[in-house]
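So the structure is just underneath, and the comments pick up after that.
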Amino acid sequence: MNEIAANLRTIEERIAAAAARVDRDPDGIRLLPVTKTKPPAAVLEARRAGYRRFGENKVQEAMDKWESLAETDIEWAVIGHLQTNKARYVARFATEFQALDSLRVAHELDRRLQQAGRRLEVLIQVNSSGEEQKFGLDPGEVVAFARQLSTFDTLEVRGLMTLAVFSSDQEQVSQCFRRMQEVQRELQQATGEPWPELSMGMSGDFELAIEHGATCVRVGQAIFGNRLDPNHYWPGSMPVQS
Ligand SMILES: *Cc1c(COP(=O)(O)O)cnc(C)c1O
């Protein structure tokens, strides 16, 4: 077995163990491998290990990989902040967009998706840590925002996504995850709809996220190896110890 496949099996075991600790069914937790900075060959290794959908945080890089892997059945989830003028690209190739945080982007995605005859699975990004440099809505804005999204027929809005504070203090990280569970409950109560998806947890904190209800964990470095190019870090991130 190659290294990527072996790492995927290890992460799957850790997901199952974290789920068991809180009496959850591991089948309710989706592992989204994050392939940013990694070459198409690495994506193909993970495809051979059974994964079909991959996360990328930059639109241009995602498009490049989509083009070079066009002959495959691979699907793309854009998980990073999107500027309105790039929405048209996402509408063209992505299956999922996890970082919606503005009506302008929603509007532009909907317009372009209609033109293309496509739909898009969407998560609303929430700034659960209150850090200024982080994207996403404040928790208190989410209900009103989510209600406005119901007018966009092409957007299948399934739930919420967040990046927790980047800290070795488990309590601070847990606070972000608990805040997300609260926002999800608020949304459910306000709208009567399930909003089932909670995308939270990365290489350094996915087990904690699962213990707090994550249904999707986005894991890059623990599968594909550390990213050494600092230009590819999102604000505040650091390589994971391995
Ligand atoms: C890079 C990235 C991840 C994965 O981070 P790792 O440390 O590689 O596991 C998750 N979510 C988002 C939004 C990212 O940009």
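Compactness of region 103-200, taken as the C-alpha radius of gyration over 2.2 N^0.38 Å, stands at 1.14.
Per-residue 3J(HN,Hα) values for region 117-128, derived from phi via the Karplus relation 6.51 cos²θ - 1.76 cosθ + 1.60 with θ = phi - 60°, read x, 10, 10, 9, 6, 9, 10, 8, 7, 10, 8, 7 Hz in sequence order (x marks Gly and Pro).
Ranked from the most accessible area to the least, with a 1.4 Å probe and all protein chains present, what is the order of 131, 141?
Values: 131 45, 141 90 Å².
Greatest to least solvent exposure: 141, 131.
Taking only C-alpha pairs under 8 Å that are 6+ residues apart, what is the relative contact order of the chain in percent?
On the way: 427 pairs, mean separation 46.5, N = 242.
Here the relative contact order equals 19 percent.
Relative to the Cα centre, the charge distribution of region 84-242, modelled as +1 at Lys and Arg Cβ and -1 at Asp and Glu Cβ, gives a dipole magnitude of about 720 debye. Scanning residues 5 or more positions from residue 99 or on other chains, those with amide H under 5 Å from its amide H are 123, with H placed 1.01 Å from N in the peptide plane. The eigenvalues of the Cα gyration tensor, multiplied by 5 and square-rooted, give the chain an equivalent ellipsoid with semi-axes of 25, 23, 17 Å from largest to smallest.
Taking every alpha-carbon pair in region 93-158 and binning the separations at 10 Å intervals from zero gives 21, 53, 22, 4 percent.
Please report the relative contact order for region 1-130, taking Cα pairs under 8 Å with a sequence separation of at least 6, and give it as a percent rounded to a whole number.
Values: 163 pairs, mean separation 21.6, N = 130.
Computed value for region 1-130: 17 percent relative contact order.
For residue 197, the residues 5 or more places off, or on other chains, whose built amide H falls under 5 Å of its own are 159, 160. Each peptide among 116-127, 178-189 gets the average number of other Cβ atoms lying within 10 Å of its residues, and from highest to lowest they stand as 116-127, 178-189. Per-residue SASA remark: residue 191, around 40 Å² accessible (1.4 Å probe; ligands, DNA and RNA not included).
The values are calculated or read from the model by the stated rules, or taken from the named source; none is laboratory data. It should be emphasised that the depicted structure is a prediction, and the values quoted were computed from it without experimental measurement. Positions of Cβ are backbone-derived with ideal geometry, glycine not excepted, and every protein chain shown enters the neighbour counts. Note: areas computed on protein heavy atoms with side chains; ligands, DNA, RNA excluded. Shrake-Rupley method; radii C 1.70, N 1.55, O 1.52, S 1.80 Å.
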